[in-house]
């Protein structure tokens, strides 16, 4: 996407908290701003088309009347060849309106006419595959296909080796042929079945190409090579499948974090162990030292230190006491406590993370889309070239038929870009899993891959750079007649708001025993403050901008405000529309992690800018403390959006925020980061990248992971293309053999898979 364009896919964020200390809405509620959905499908092969659903996420899209959405788990669907077959088969059915593939999880989402599921399943069976309809809870049910016995392939390998020995020893040809045919029959029956299905449906995939090549070798009486090619191909596919399973199940360990049983309090007060799936919201669960927390909840008694690394990636245990949230899958290290369940097992923070990673595994990254398009051209082009090699020299140049047909068959073996196609999804999925282990939830391969391009990172202040919990530092009476009544009025208005500044005023009043007054007609003034009626008088409690707009800011007051703002404090004032009655100054503190995070970003070559609703003085004071490159104050939501658009002209821009007032800027940014997403449905579901805790250092980790991912992708694609080019030349020179070609091609596949899996350990 060009840096100056606006995102065309619905995107992101709104997260968990309200924002900035100053010029933002003092009482704005928190709602999701937008939603995101990247293109789906894990990887594509020859003749793979775009999803019939376009850019729409079928799971979240509105289903047409008379249609049904069904998620099918297909055990045999784990590579581009199966996707191509299914897409062509179902895409031609009038009863099917949309298809969405997640190859890494072997899940196909279908939108079809009511009552057409049986026809869809029959079509899939016609392709030699079986489907199983999934329930709403199935995203964490990792059902695996039954493993195949190893001995048939071993027997086929012995027969193929025997054929080679017989041929080398110049024994009767029929003996070598017999052993070769036995090897092909035992080891290649599955390949032939898949190849026949592909050819029958007009699809030129690897199974079809390999079947043609082996059959051609048999017809040329190249018995040992035909047998060895088929055995090596089958063996390589088996090894590759095992390697793919490692990536596919990279988050399987997360599922195993949650215990199956939990100790639950009964109505009579007794404690009974119950299955986690049977526990409902509101029940009380007890956790002993050393146990894992089974469900999300709120601590009601006791205290303990909990290791939250599986959720947030935090390295140190977190102290929990009454009123604190606990998450399923975390470890109770010391102490015993009881908590009230706040989410069922299928909707816990851990379950949402797993679901989000699974969905991200099905999203196409830019490099993958390029590879997919390349593969669609490459495979038929090589097939046509192989056909020309077989026919042109013998017909026009008096070449030897046997020699040139053999070369053509070798070309067929290397025609399918297996290593090229599989390298990208393996690498991306490994990177997504590595990020999840560190408490970084990335909602699609596009963001993981594009992260290395970030030139600017824009950050909100409150709750992001600072703690977001300001304290009241100054209270100044400006109009004496109302006296302390003005403070009561201001405190009563502030108590109705959930903005951090308002909370500081309300908390101070609570500590001083202030009795709140009744407030009528309470309402928010977006980006300015709040208003309400107390005793038939209309009052406004708001920021410097509001006072200017009401025309009640005097030169002496302006000077007083300037002094406080120069100190980095945020000023809130109470007015009745005619005069300013009292001012309050609050101050926030910078998080310890913010300084290190900004330094790490600078070391990566990323420039930083702070966008805050606070006044410019406060913005500059905070920015100076942590060495942020630029700071912009007095930023309304629309101002933040315009700022992001300006910075986007000089490169990719990321935006970090945690509140509704950041939503427009987050939507415009190339990558939106949501802070403190643990336990927050909205952030997990809508952010491009969700940082499960409030540690800004995770952004630098994300960028480093993105750069490593990019390096691995380039390595894999380069390796695959070089091997293809080398064997193309060797074949044309008459130096390449079929078994060498299949060994090298599948060996390349295994190499790129192994290289991609390195990211899991990052």
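Read-outs: derived from the displayed coordinates by stated rules, not from any lab. This structure is a prediction, so every number in the text was calculated from the model and none was measured. All Cβ positions, glycine included, derive from the backbone under ideal geometry; neighbour counts span all protein chains shown.
Would you mind estimating how fast segment 258-350 diffuses translationally, via Stokes-Einstein at 25 °C and 0.890 mPa s with the Kirkwood radius over Cα pairs, in µm²/s? It diffuses with D of about 192 µm²/s by this estimate.
Using a 10 Å cut-off around each Cβ, can you sort 320, 288 from fewest to most neighbouring Cβ atoms?
Working: 320 23, 288 11.
The order, fewest Cβ neighbours first, is 288, 320.
Residue separation of residue 538 and residue 267 scaled by 0.36 nm, minus their Cα-Cα distance, works out to 92.5 nm of gained length. Listing 593, 304 from fewest to most neighbouring C-beta atoms within 10 Å gives 593, 304. Treating r as the C-beta distance of residue 346 and residue 70 and R0 as 25 Å, the FRET efficiency rounds to 0.85. Taking every C-alpha pair closer than 8 Å and separated by at least 6 residues, the mean separation divided by the residue count of segment 471-587 gives a relative contact order of 33 percent.
In plain terms, the bigger the Kirkwood radius, the slower the diffusion; for segment 471-587, with that radius from Cα pairs, at 37 °C and 0.692 mPa s, Stokes-Einstein puts D at 236 µm²/s.
Percent relative contact order of segment 258-350, based on C-alpha pairs within less than 8 angstrom and at least six residues apart? About 35 percent, as a whole number.
Sorting 544, 467, 617, 538 from the fewest to the most surrounding beta carbons within 10 angstrom yields 538, 467, 617, 544.
With both labels modelled 7 Å from their Cα along Cα-to-Cβ, the residue 381 to residue 518 distance reads 8.0 nm. What separates the Cα centres of segment 163-184 and segment 540-593 is a distance of 93 Å.
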